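What follows draws every value from the coordinates through simple rules; no lab data is involved. Note that the structure is predicted; figures quoted are calculated from it, not measured. We place every Cβ from the backbone using ideal geometry, glycine too, and count neighbours over all the protein chains shown.
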Amino acid sequence: MLDISNLSRRFGGPGSRIVLDRISLSLPPGSYVAVVGESGVGKSTLLNLVAGLDRPDQGRVVVDGIDLTTLDDEAMTRWRREHLGFVFQAFHVLPHLDLLANVALPLWLQGRRGREADAAAAAMLDAVGLGGRTHGWPAELSGGELQRVAIARALVHRPRLVLADEPTGNLDPARASGILALLREHVLSAGAIGILVTHSLEAAGTADRVLKLHADRLEPLS
Amino acid sequence: MKQGLAAVFIGGLLRRRAASALSVMAIALGVALGLAVHLINGAALAEFGRGIRTLAGEADLRLTGPASGFDDALYETVALHGSVADASPVVDIEAGVVGKDTALRLLGVDALRVGAVQPALMPRPGGDRADDAFAAFDPGGVFLSPALAAQLGLAEGDRLALTSSSGPIELTVIGRVPGAGGEAIAVVDIDVAQQRFGMAGRLSRVDLRLKPGASAEAAVRALAPLLPAGVVAITPEATVARAAGLSRAYRVNLTMLAVIALLCGGFLVFSTQALSIARRRAEFAFLRAIGLGRRRLAGWLLGEGAVLGLAGGVLGCALGLAFALAVLDWFGGDLGAGYFEGIAPGLELSPGPLIGFLALGVAAGVAGAWLPARRARAIAPAAALKAGAGDPLTVGSGARWSGPACLSLAVVACLCPPVAGIPLGGYVAVALLLAGGVLTLAPLAGVVAAACPRLPVAVGLARARLQAVPGQVVVAAAGVLASTALAIAMAVMVASFRDSVDRWLAKVLPAELYVRAAERNQAAHLTPTLQQRLADMPGVAAVDFLRYDRLILDPALGPVALIARTLPADGDELPLVGEHRVVDDPVWISEALVDLLGLAPGDALTVPLAGRGHRFTVAGVWRDYARQGGALVIPLERYRALTGDDLASNAALHLAPGVGVDEIAVAIAAAFPNGGLGIASPGEIRRRSLQIFDRSFAVTYLLEAAAVVIGLAGIAASFGAMAAARRREFGMLRHLGLTRRQIAAMIATEGGLTAASGALGGIFVGGAIALVLVEVVNRQSFHWSMDYRVPWPSLALFVVAIVALAALAAVLAGRLAMSDSAVRAVSEDW
Amino acid sequence: MRRRSWLLWLLLPWIAVAPVAATDYAPVTPGRALSLPADAGAHPAHRIEWWYVTGWLDDDDGASRGFQLTFFRLRTGIGEDRPGRFSPAQLISAHAAVSDPSVGHLLHAERRARASGALAGAAEGPMQAWIGDWRLADQADGGIVARASGERFAFDLRLQPRLPPTWNGEDGFSRKGPQAEHASYYYSLTGLVVSGWLTVDGRQRPVRGVAWLDHEWSSEYLPEGAVGWDWLGLNLDDGGALMAARIRRADGSALWRFGTLRTVDGEVRELDFDAISFEALRHWRSPRSGVRYPVSWRLGVDGTSLVLEPLMDDQELDGRASTGAIYWEGAVRALRDGRAVGRGYLELTGYGDALRLGSGGPGR
């Protein structure tokens, strides 16, 4: 269960630009929503606040009863390690790790290393369609394949919340739809909450609900 | 467009201020050291040459022989020779100053002759003797050069007591030698020098002015048959050149070290440029896409290197100049090595060396930028523009065979003979070892990384990165390798040298007490009477006497020391090296003579003694660290039989059991009051020798420190640039749940592993370079061997320290990566 | 007195300050019988000694030049107990000059050395003095060799004596002042017939002429108060010879006058103080030093008078840069009633107030 209430964030000190103004949102497990909005409206800021990578000026983010805004940096980092999956526009697959290692990275972070972690990562790679290439290198992959690796990495540790920030921004439309479908499929099958931030209505269309972000509210897009 | 591009490239250097500053500093350091060494030695040499020229005056030729002099009958023969216009006889001795622990250079000249050949040595009476026409002949008078007068604080009318075999000689200062300027010399009448300072019937040299039209070469040939064995005719220029040759090896060695420091600077430019280019890949791709040619792109990048080099060069020249001035002030012209004692050189600035070292700085900058620029040329715009492509940090790993090839070539270079007395092959080997070491860094880093555990995750990530991107290690660790290698090489060489010198001293100083007629004093000797009195001293069990002289074996070489001493037939009391045998008429030669004269045990050597050549057989080779120009030892009895000279310069006293060294020393001092005897225990001599040794190597510690600073700067610069380039990666890892601490640990591990690779390579390369320095460079430069010794504890400490410092430098440089802005960088637009 | 020019100046202060008592110089006393060749050579027991040759040289073109060669021997009293090769006990110096009107000034050279074997010395017995290749020596055949060279000149001359020596003073005991201790042994060889070679500025030519040789030795030379002297040695065309000299005080007055006249028939007469008079007729001022020299004289000898005219005015020897001495020493003609009657040498010393006594010396 994700509960966002009265979330506000401004940048650049007093009298500065207010990016988010008292935003509230509540999502049950199994939700898969898209957040759209104009460029610069604060989509990424919202994601960072939800991920605990940024601190709100006001408001709370509560996940499964834990108010993330009360956690210190260490605790927040540990929480992220356990419960969060990320998919980035630029993939951010580490070039110096092979595919299996990239996917297994979140498991390693939890101190799980060895056959069990490798097996989980391999299964995950298999699930995103890269089963035969566990020991391939990122440099050998296309953009779409890199994003598949990223999706595998985002889900390998069974997170409660998956945040995807323009996951298809760097992909051509043909590959994009495949990736979006894959993401949706895996988020839902893991029983996680998925939030897809995009400015593409097409991409947003793959979500169960589409919310449009304004500075002071999230409203369903009809 | 041009100006615009200048802003993109050169302006970019300003944006990367920290990295640029480090590169500039590194180059400046190398340039400064090189220039300073060059200027200091240049100044000393110039002053030394000027001194010799001043004293040689207008002489076209100089007849010179053993330090003990030659028969003065030669003077008349030569002065009347058809090719000689003027001849000036000179007695040149060192005389101890009574009551002071110093000796001064005392020249006996003929005031009626010296003016035509060496006007600078003309004595001028002063004070109340100014009008005395015969002051220059005054047997109780001495003339001081302005420098010596100032040094001793003496003026006309003051007394100066000098030591001699027959006791102290009281002289009165009756004038100056104004022409001698900065030379510290005292002048007396030649007759006084001969009769009162133990040179009766002998001359040290005759300076000649030739008749107009007579060539020096022809005169040398014409005079040669007239000269007794051991006396040669040489030009003053040759004397200067010989003196320069003696210290040349030392100078070249220092200059080479400075060049290696510059090389480290070049590596640093390479590191920062490689990283900066990797980081700006997309930028370049964009520029290429909008029409910038490959060649121009590479040109601009080389230009960046040149600008860094130029800035470093300018800064380095200024630093070097300041450094040179300071050092000349503090240490004198030989950086404390003792080659140019007694002169006070002034700095002479000519544009040549300044431009040269500036150019070296630029060259280092350009060379450092060369490979990265080539790399940038190869950027494919389309691929690089596509976001998300991996960073291309593979530069510098080179072909697999290139490292071993360099290392093998280094072995070959070591086998080359010296060129003009300079161990060129040795230096080439050093360069090849460094290059080979750098080229072997990538596989080495792989080995180091593989030795690391996979957990904790920070270590695992660092290990994975090192294994996957060894090029990064090369870039960052090249500087560490170079500086570690340099530091270790110097440390091992100095330790080997010091250790060898120490053991050598123990071998050459077997007695309990040493007595010198006077400190470095040729004028004073132990006469047979004194020798007997020493031997008869209660508590003295035995005395070995030594007679020193300096001979000229070959006009092309400097003077060679002759040591006549009591010695067992097998020469066992000498620090012998290699094969030796028992022969009739033995002579034991120092290692320098093996190299300079090409002699080996069993060979014949003709030694000029008392004006006649005598044939000796080389019985063995001994190690001599005291006389770079070479030394030979013959038995004292043989020397006395051949020369009739029964004086001694030195005595080594073996004491009766139970007799204290101090008590005998006191007894001797009391028994020979005013005798000018110097008394020293082996411990004292050893302490003083090692003190001089340490002083002359002080400058190498400076170079080592500089190299280490440069190496660490390399790590810091590399990681600074890398951290900037990897901000998004760090940001993503933070997303995934790595704590700041873990990221810091990861960077530190990478830095430590990188430094460890560099240091490991540096240990091997440095050890090899030390071997080259010991076996090739020193042997060929200074003609002496030494035993290889590795100062393990201090080296281990050094390596641990450099790895820790490198990790710290990496973390500090990567601090940026742990900021929140890095987190946001993940979703920054490209 | 004579010449000795710079060397005497060099000597003056030394004579004044040196510890005379310390050195046992041989005295000059009347009544000692001098004879040649025994006294032609050196007398090393005396403090100072010189051999002084002056003369005129004519070449095949009819041009006349003057020449001068002097050897000095000086006993310093230093280091006589140390018999080394470089003992400064005896110093030898030499001075040579050529006076050539076509050059317009003197060409001169000097050498100094300590007596030492073949390099420099003055032997006892027949005259033999040398420094390097400079030489003034009696030959076995009775002739004399005079050889010297400088930067721009060289001469190698043979002097043939025709007349017996002229013993100046009382049989060679020549007083230099009112006190008997200021005296020297002094004889002259006059009317020497000269032949040989002269080189000036690279051109060598055969020359003939007439010369004069003085040999003088002493231990106590100049009286106190003397500042300079004028000396003349004149070979008369008729075969006679005249030596006249005066020693001057600072105010220009004569402290002592002495001379010797040898007549054509060989009669030798000592000229005393009152028998000689000097009267300057013309002065010449040196453009170099500004010193004014009386270069033309009327010389009165026993009532007769001679006019002396220089070969050229500029025969100043400016040794300020080397020896420190500056004086005039040159060839002169003697005229009687406007008719040339002889040729000789005139020496004028002590005219420059720059007679910096003692400024000369080995150290200069």
message: If I model a spin label as a point 7 Å beyond the Cα along the Cα-Cβ vector, how far apart are those points for A:Ser24 and B:Ile685 in nm?
response: 9.9
query: Which whole-number percent is the relative contact order of segment B:61-234 (Cα, under 8 Å, 6+ apart)?
result: 37
- prompt: Within 10 Å of each Cβ of C:335-345, how many other protein chain Cβ atoms are there on average?
  reply: 0
field: Mean residue ellipticity (222 nm) of the protein assembly as shown, computed from DSSP H runs ≥ 4 via -39,500 (n - 2.57), nearest 500
entry: -13000 deg cm²/dmol
task: Sticking to Cα atoms, compute the Rg of segment B:587-706 to one decimal and its Dmax as the biggest Cα-Cα distance, whole number, in Å.
output: 19.5, 56
- prompt: Along its principal axes, what span do the Cα atoms of segment B:62-126 show, with the longest given first and each in whole Å?
  reply: 47, 32, 15
task: Considering the options A:Val36, B:Pro125, B:Val447, tell which one lies farthest towards the positive end of the dipole of the protein assembly as shown, charges being +1 on Lys and Arg and -1 on Asp and Glu at the Cβ, about the Cα centre.
output: A:Val36
- request: Please give, to one decimal in nm, the separation of the simple spin-label points placed at B:Trp792 and B:Arg374, each 7 Å out from Cα toward the Cβ.
  value: 4.1
- request: Report, for segment B:513-680, the % of DSSP beta bridges that are antiparallel, rounded to 5.
  value: 75
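For segment C:29-176, what percent of Cα pairs sit more than 24 Å apart?
Percent of Cα pairs beyond 24 Å in segment C:29-176: 40.
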query: Stokes-Einstein D for segment A:20-145 at 25 °C, 0.890 mPa s, Kirkwood Rh over Cα pairs, in µm²/s?
result: 145
field: Debye log10 I(q)/I(0) at q = 0.07, 0.10, 0.11, 0.12 Å⁻¹ for chain C, Cα point scatterers
entry: -0.26, -0.56, -0.69, -0.84
- prompt: If you count, for every residue in A:93-105, the Cβ atoms of partner chains within 10 Å of its Cβ, what is the mean?
  reply: 5
- line: In this structure, the FRET efficiency calculated for B:Ala405 and B:Ile10 from their beta-carbon separation, with R0 = 30 Å, to the nearest 0.05, is 0.25
- prompt: Using alpha carbons only, what's the Rg to Rh ratio of segment A:2-220 with Rh from Kirkwood?
  reply: 0.97
message: Explain nothing, just the number: dipole magnitude of chain C about its Cα centre with +1 on each Lys and Arg Cβ and -1 on each Asp and Glu Cβ, in debye rounded to the nearest 20.
response: 840
query: So, in Å, what gap is there between the alpha-carbon centers of segment A:111-136 and segment C:25-41?
result: 132
query: For segment C:236-311, what is the relative contact order in percent, using Cα pairs closer than 8 Å and at least 6 residues apart in sequence?
result: 19
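Give me Rg/Rg_expected for segment B:513-680, where Rg uses Cα atoms only and Rg_expected = 2.2 N^0.38 Å with N residues.
Normalised Rg, Cα atoms only: 1.09.
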statement: Per GNM of chain A with C-alpha springs under 10 angstrom, the most fluctuating residue out of A:Gly205, A:Gly194, A:Gly30 is A:Gly205
field: Distribution of pairwise C-alpha distances over segment B:61-234, 10 Å bins, in %
entry: 10, 38, 32, 16, 3, 0
message: With +1 assigned to the C-beta of every Lys and Arg and -1 to the C-beta of every Asp and Glu, and no other charges, what is the dipole magnitude of segment A:2-220 about the Cα centre in debye, to the nearest 20?
response: 160
message: Give me the Å³ per residue figure for the convex hull around the C-alpha atoms of the protein assembly as shown.
response: 250
field: Calculated P(r) of segment C:16-110 - Cα pairs past 17 Å, %
entry: 66
- prompt: For B:Asp502 and B:Ala155, what is the calculated FRET efficiency with R₀ set at 35 Å and r taken between the beta-carbons, to the nearest 0.05?
  reply: 0.20
- request: Can you tell me the relative contact order of segment B:513-680? Whole percent, Cα pairs under 8 Å, sequence separation 6 or more.
  value: 37
query: What is the mean number of Cβ atoms from other protein chains located within 10 Å of the Cβ atom of each residue in peptide B:124-137, rounded to a whole number?
result: 6
- prompt: Once both labels are modelled 7 Å past Cα along the beta-carbon direction, what's the C:Glu80-A:Arg60 spacing in nm?
  reply: 12.8
